[in-house]
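Notes follow the structure.
Please treat every number below as a calculation from the coordinates, not as lab data. None of the values given here were measured: they were computed from a predicted structure. Here the Cβ is made from the backbone with ideal geometry for all residues, glycine too, and neighbour counts use every protein chain on show.
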Amino acid sequence: MKNKRGVICFKNPPSILGYAAVAGDMEANGPLKGKFDKVFQGDMDGEKSFEKAESKMQLFAAKQALKKAGLSPDEIDIAFAGDLLNQCIGTNYGLRELNIPFAGIYGACSTMAESILIGSVFVSSGYVSKSIAVTSSHFCASERQFRFPLEYGGQRPLTAQWTATAAGAVVLGKQNEGKVNVKAACVGEIIDYQIKDMNNMGAAMAPAAVNTITKFFKSTKTQAEDYDMILTGDLGQVGSAILSQIMDKEGYPLKGKHSDCGLLLFDRQRQDVHSGGSGCGCSAAVLCADVLKRLETGKLKRVLFIATGALMSPTANQQGESIPGVAHLIFLEGNIGHGNCD
Amino acid sequence: MNMSYKEYGQLVKKMSPGSPIYKTFPLAFLIGGTICSVGEALRLWLSSMNMSKEECGIWVSVILIFITAVLTGFGVFHKIAKFGGAGTFVPITGFANAVVSPALEFQTEGFILGVSSKMFIIAGPVIVYGTIAAMASGTICYIINCLGGNI
């Protein structure tokens, strides 16, 4: 069946054994205040560069998730991790001391869902028994790579998003070892609706989210009502508005079930983030600081987590190319119900 | 998704908030005007000290560049620019900030490959095309003068 391509319903759904989220001080003063495992101070937290600070965050998130899972690094069979920086240096330097077999991935802001998705396939297949997914982003490190220096006096358009300084990590193990299971997943396609404005990433990513969510709904014969939360990350205000409008048109209205990590991490009224947060750390931190806890305690039962990535390259953009988007989905279910995904 | 690129582009345009010009225009006028007034005050002050018109112009530029560099270094300039927009960008302050900010930020890559080579990543085009424009207008003036004109 053509529309099933990319949709995976796990026969042995892996479960989440431990998770951790860290954030910078601005993120930690947002609506999720007090929910992070650690707050990093200032732009560098005592390190010599933004990049080193990002690696430090990622390492802390990984170690903390392992600690909460009651595992040591040598009990983890494989790590799937990545970040926004060239050659994924946040990850390569951050995780090098753990000596975990490592496969680096790049999915822009979709990296958290992508790394959990791949880790789940590995665990579910039985080739590995435990894996870890880690991602991070750092506002300052991203700005200097993709845009302007921090002290440059430019105005950001209202459609622009704010790259979160945050990291998250999730440890995956066999079915029902933890309290939350990864029941299903959907690998997104590269969707490009010819948006060229690098200050409007939400618009570049929204069609990818539409594609992945509708494909998953069709394939599993479900709709928004079947879930407690449909969590995208990070479309921001503009992308979220576009998503819900198109989903209505497509005949799959989200009916108040939709939330967006970029809007949950920051308070747009109080914090100067324009359209909302972004960066792989944003969705990772929202998932690990808040949503997984609510799934564990039964406040949420069935959650679709769709991390969206704008695959933006400044080089390609300057050459006149548009910004492709991708959205990967994972279906998380609290341990209370053991139904199949379809 | 049953939508052409054009239709989607139109939807995006509709859903994307534009720049609030009722706020940005007056602010740019106010802050840009203030910077220019400071420049003019400096010029009057300097010319009261018997400086020639040309010397005054040079010193006003130097002082404004110096103030911008200091404010950029202390992390204040970009906060003013957030409100000032074109008001801080268009005067010489914008140019000074565009040189100082990358120089500061790329210190972590060292003085050669960081500070000095990245210093002109934003302001470089202004220097290149400013020089070309000066050469072109100079050539035109020279030709006209050769032909008996006087400019």
Over 27 Å between alpha carbons, listed pairs A:LYS179/A:LYS257; A:LYS33/A:LYS218; A:LYS38/A:LYS299; A:LYS33/A:LYS68; A:LYS63/A:LYS174
A:LYS33/A:LYS218
What does the C-alpha gyration tensor say about the overall shape of the protein assembly as shown? Classify as rounded when a/c is under 1.5, otherwise prolate if a/b is larger than b/c, or oblate.
prolate
Mean other chain Cβ within 10 Å across B:77-88 is 3
To the nearest 0.05, how large is the calculated FRET efficiency for A:ARG147 and A:THR297 if R₀ is 51 Å and r is the Cβ-Cβ distance?
0.85
Which value in deg cm²/dmol, rounded to the nearest 500, describes the helix-derived mean residue ellipticity at 222 nm for chain A, given -39,500 (n - 2.57) per DSSP H run of n ≥ 4 and division by the residue count?
-9500 deg cm²/dmol
Scoring only Lys, Arg, Asp and Glu (+1, +1, -1, -1) among other residues with Cβ under 11 Å from the Cβ of A:ALA289 yields +2
Estimated inter-spin distance, A:SER129 and A:ASN317, nm [label 7 Å along Cα→Cβ]
4.6 nm
Decide, for region A:7-173, between rounded, prolate and oblate: order the square roots of the alpha carbon gyration tensor eigenvalues as a ≥ b ≥ c, take rounded if a/c falls under 1.5, and otherwise choose prolate if a/b is larger than b/c, else oblate.
prolate
Net charge, A:SER49 excluded, C-beta distance under 15 Å - Lys, Arg +1, Asp, Glu -1
-4
Added length on full extension, which subtracts the Cα-Cα distance from 0.36 nm per residue, B:LYS23 to B:ASN50
5.6 nm
What is the local net charge at A:ASP228, summed over the other residues whose Cβ is closer than 15 Å to its Cβ (Lys, Arg +1; Asp, Glu -1)?
+3
Rounded, prolate or oblate (a/c below 1.5 giving rounded, otherwise prolate when a/b exceeds b/c) for region A:240-302 by Cα gyration tensor
oblate
Listed by chain and number, the lysines with an alpha carbon less than 16 angstrom from that of A:LYS221, same-chain partners under 8 positions apart left out, are A:LYS2, A:LYS4, A:LYS183
Modelling each spin label as a point 7 Å along the Cα-to-Cβ direction, I'd like the B:VAL90/B:ILE67 distance in nm, to one decimal.
1.8 nm
Which whole-angstrom value gives the distance between the alpha carbon centres of region B:118-136 and region A:271-342?
42 Å
If the convex hull is drawn through the Cα atoms of region A:107-242, its volume per residue in Å³:
136 Å³
For region B:56-89, state which chymotrypsin sites (Phe, Trp or Tyr not before Pro) are in a DSSP loop and have at most 10 other beta carbons lying within 10 Å of their beta carbon.
B:PHE74
3J(HN,Hα) from dihedral phi, region A:174-183, Karplus parametrisation 6.51/-1.76/1.60, rounded to Hz, x for glycine, proline
5, 3, 6, 6, x, 8, 10, 10, 8, 7
Which of A:PHE102, A:PHE148, A:PHE50 fluctuates most in a GNM of chain A (C-alpha springs under 10 Å)? That residue is A:PHE148
Going through the DSSP H helices of chain A, which span 27 Å or more along their own axis at the Cα atoms while scoring at least -1.0 as a mean Kyte-Doolittle hydropathy?
A:50-69, A:201-220
Which of B:ALA81, B:THR139, A:VAL134 sits farthest toward the positive end of the charge dipole of the protein assembly as shown, with +1 on the Cβ of Lys and Arg and -1 on the Cβ of Asp and Glu?
A:VAL134
Using helices alone, what [θ] at 222 nm do you get for chain B, with -39,500 (n - 2.57) per DSSP H run of 4 or more residues, divided over all residues and rounded to the nearest 500?
-23500 deg cm²/dmol
Cβ-derived FRET efficiency at R0 45 Å, A:ASN199 paired with A:LYS48, nearest 0.05
0.90
Euclidean distance of C-alpha centroids, region A:107-134 and region A:21-38, integer Å:
24 Å
Excluding residues fewer than 8 places away in the same chain, name every one of the aspartates and glutamates whose C-alpha is closer than 15 Å to that of B:LYS82.
A:GLU151, A:ASP272
Which ³J(HN,Hα) values in Hz, rounded to whole numbers, follow from the phi angles of region A:263-269 under the Karplus curve 6.51 cos²θ - 1.76 cosθ + 1.60, where θ = phi - 60° and Gly and Pro get x?
9, 8, 6, 10, 9, 5, 6
If you put +1 on each Lys and Arg Cβ and -1 on each Asp and Glu Cβ, how big is the dipole of the protein assembly as shown around its Cα centre, in Debye rounded to 20?
1080 debye
Quick one: what are the phi-derived ³J(HN,Hα) couplings along region B:23-32, Karplus 6.51/-1.76/1.60 with θ = phi - 60°, whole Hz, x for glycine and proline?
9, 6, 4, x, 5, 4, 5, 5, 6, x
Counting C-alpha atoms alone, how compact is chain B: give Rg to one decimal and Dmax as a whole number, in angstrom.
21.3, 73
Rounding to the nearest 10 and keeping the result within 0 to 90°, find how far the Cα-based axis of helix B:124-146 lies from the longest principal axis of chain B.
50 degrees
